[in-house]
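The values are calculated or read from the model by the stated rules, or taken from the named source; none is laboratory data. Quantities reported herein were computed from a predicted structural model and do not represent experimental measurements. When we count neighbours, we look across all protein chains shown, and the Cβ atoms used for this are built from the backbone with ideal geometry, even at glycine.
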Amino acid sequence: MSKRSLGSAAEEHVAGLLTAGGWSVLRRNLRTPYAEVDLVARDPAGVLVLVEVKARHPLDFCDGEDHLGLRQRRRLEAALTWLAERQAAPRGLRLDLVVVHQAGGQVLGVERFEGLAGIEPA
């Protein structure tokens, strides 16, 4: 399975989990001038959330938020600001990271890191 197809499968899995949890997935692969955002969703509380999805092997030596490099995190934070300027978000905006641990095409676990960045409601 190619890296791209692993990533797509991970995004699909996360979208399903979010939907099952009462979230609304609004966009997939949103291109901004700063970064492509995997998922844009609204959580059950009404917060607009940019969700970055990472597919990883369980033996990957990264831990927690380290799955997201500093450069990519800054680009996603800029995308968050860009979206805030264009989209009404009365409950605020947030950046989350979801890491899907996979091996042999099977999902072995999911880690979610909420609130890596955020913009308070106006």
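Here's a check for you: in region 1-28, which residue that is assigned to a loop (DSSP other than H, G, I, E, B) and in contact (Cβ under 8 Å) with a residue 12 or more places away in the chain is nearest to the chain's Cα centre (by Cα)? That would be TRP23. Restricting attention to region 29-60, the residues that are among the basic types (Lys, Arg) and within 10 Å of the chain's Cα centre (by Cα) total 1. Candidates in region 84-100 are the residues that are farther than 16 Å from THR32 by Cα and of a type in the set (Gly, Ala, Ser); of these, the one that is farthest from the chain's Cα centre (by Cα) is ALA88.
Residue-level check: of (1) at pLDDT below 90; (2) under 15 Å from HIS13 (Cβ atoms); (3) surrounded by fewer than 18 Cβ atoms within 10 Å (Cβ to Cβ), VAL110 misses just (1).
The residues listed here are ASP38, ASP63; of these, the one that is of a type in the set (D, E, K, R) and modelled with pLDDT of 95 or more is ASP38. The residues of region 76-107 that are surrounded by fewer than 17 Cβ atoms within 10 Å (Cβ to Cβ), of a type outside the set (A, V, I, L, M, F, W, C) and either touching a residue at least 24 places away in the same chain (Cβ under 8 Å) or outside any helix (DSSP H, G or I) (or both), listed by number, are THR81, GLN87, PRO90, ARG91, GLY92, GLY104, GLY105, GLN106.
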